[in-house]
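Working notes for the structure below.
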Amino acid sequence: MAETPGLPVHDARARILSTHAKIGLHLDYLGYAIRTDDLPLSNSFAALPPDFYTRLMPTPLPAPYFVAASASAAALVGLTPEQLSSPDMVEVFSGNAVAARSLPLSAVYSGHQFGVWAGQLGDGRAILLGELNGPAGPMELQLKGAGLTPYSRMGDGRAVLRSSIREFLCSEAMAALKIPTTRALCIMGSDQPIMRETVETAAVVTRMAPSFVRFGSFEHWYHRDKPERLQQLADYVIATFYPELTGEANPYTALLAEVTKRTARMIAHWQAVGFMHGVMNTDNMSILGLTLDYGPFGFMEAFDPGHICNHTDQQGRYSYANQPQVGHWNCYALGQALMPLIGDVDAAQAALGVYQAEFGATLEYLLHAKLGLQTVQEDDQVLFESLFKLMTAGHVDFTNFFRALGNFTIEPASPGNAVLRDMFIDRESFDAWALRYGARLRQESSIDSERKLAMDAVNPKYVLRNYLAQVAIDKAVNKDFSEIARLLAVLERPFDEQPENQAYAALPPDWASHLEVSCSS
Ligand code: AMP
Ligand code: MG
């Protein structure tokens, strides 16, 4: 996409709003309902100079209705699902009303998409309402799908119900899997038709994170050759989210090292649960190391390291096996953008150099836990690699295999071992692997029952399989939102057995083999 310098003011409302803001008056939003006490919002990002964003109002949707809310996300900002389903909140979180102290804005950023410099992107359909202070500290609330912004480019500023449900469920599922992620507070829907491959309907999903600043936010000022803006952004991020780095000799180098570390750790966690992001463009990489921008993501089912979850990604740049190296590449893009502040190539290289070690150590730790191993031994890599080779050859379901591995017994072999064996086509090869695994466990005097407990706490039984999301979506399209709530409840306890919800751990049905997810959302 071409860059668009000198953005026009969005529309008359935004102009008036920014005038109001300048004179410290933002209570009269031209006919928008004002809610005073319920949402005591502030907005630290808005304190940055005005060329970091455009102040604007969300575009109202006709007759909005409540679709879903996450109780655990709501609790982080001191709210409840009951409050969120009240008429006032439906108005606020569909973009039809603005809370009194909100300073809504869309942020500008740029980025590399599929490895190519894409120029200016920005919040094309996201509007930051401000932050709420809760038990977890300040959390920014952002509407996604709230209408056109100056950064919408060819888009319509909207999100469809389908993709909003996917983002909502996966954000909350990832949080329950203890993987760093942005959160999802609620979804509001409307019957307004939205054109995608077919006609769908509109929704707004409210996301939460301490910050939505991306690698691309830094790249933006680097490529615009605006070092003072770059520094303002870096200083804001460090002061607000990495205050411990302020005392470092060069806090910007320290920031690069810390973000690189967090990114490496996050991706190691993705690999360990078989999560595939699908669009790891630098504008979708969080400066806080959070999983950000859920679109054509997927969870690995039949194991295949080359699996591509995003139908639009024909080259497989963002395949499961490529994620770790793409994460590192993205950190390089951030490092490049920070160079005017770091000033020393060797220092930047050293900061970026922490990636491999951090990724390797985290993944090794997680794989040991997945296999129930308490000690680290020289040949463990071989044990892991031979297992993944067998799983690939046998198209073994990633989640179900690791969950079932918790039932492995050293001796005598129990029915659990036979269940595992039956998951493989080449059973003799699995027998050989199981023999090694058993010997390895015996070496550290592993106790079956204790190991199972530890393994069940790290190998989820329930993940957001595409078909599970699709069932919830199909019902929601017919105005039955009950399955979203049910599925959310299952995914909030991914490590619990939940015998009554056994069906949610089932392999995808035949109809699901035709499911395709793409960038269209
Ligand atoms: P994504 O690949 O979803 O992270 O989006 C890349 C860029 O496209 C971002 O700047 C988004 O804000 C923008 N974008 C995606 N979908 C839309 C849409 N429907 N309307 C406006 N902008 C969009
Ligand atoms: Mg994005």
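Only the coordinates and a few stated rules stand behind these numbers; no lab work does. Quick caveat, the model's predicted, so the values are computed rather than measured. Reconstructed Cβ throughout: ideal geometry from the backbone, glycine too, with neighbour counts over all protein chains shown.
Against the chain, whose longest principal axis comes from its Cα atoms, helix 482-491 is set at around 60 degrees.
Against the main long axis of the alpha-carbon atoms of the chain, helix 466-477 sits at an angle near 40°. Scaling the Cα radius of gyration of the chain by the globular reference 2.2 N^0.38 Å produces a ratio of 1.00. Across all Cα pairs in segment 261-331, the calculated P(r) in 5 Å bins from zero up to the longest distance comes to 3, 19, 32, 29, 13, 4, 0 percent per bin. Its DSSP H runs of at least 4 residues, each contributing -39,500 (n - 2.57), put the calculated 222 nm mean residue ellipticity of the chain at -12500 deg cm²/dmol, to the nearest 500. Here the ratio of the Cα radius of gyration of segment 122-204 to 2.2 N^0.38 Å is 1.18. In this label model, H311 and D474 are separated by 1.6 nm, measuring between points 7 Å along each Cα→Cβ vector. Ranking of S102, S386, S449 by neighbouring Cβ atoms within 10 Å, starting from the fewest: S449, S386, S102. A simple charge model with +1 on the Cβ of Lys and Arg, -1 on the Cβ of Asp and Glu and nothing else charged puts the dipole of the chain at about 760 debye relative to its Cα centre.
A compact globular protein would have a Cα radius of gyration near 2.2 N^0.38 Å; the ratio found for segment 374-456 is 1.02.
Between the helical axis of 161-176 and the longest alpha-carbon principal axis of the chain there is an angle of about 60 degrees. A straight chain from S414 to V199 at 0.36 nm per residue would run longer than the Cα-Cα distance by 72.1 nm. Pairs of Lys residues in the chain, spaced 8 or more positions apart or belonging to different chains, with C-alpha separations under 25 angstrom: 16 in total. Spin-label model, R493/E450: points 7 Å from Cα along the beta carbon direction are separated by 2.7 nm.
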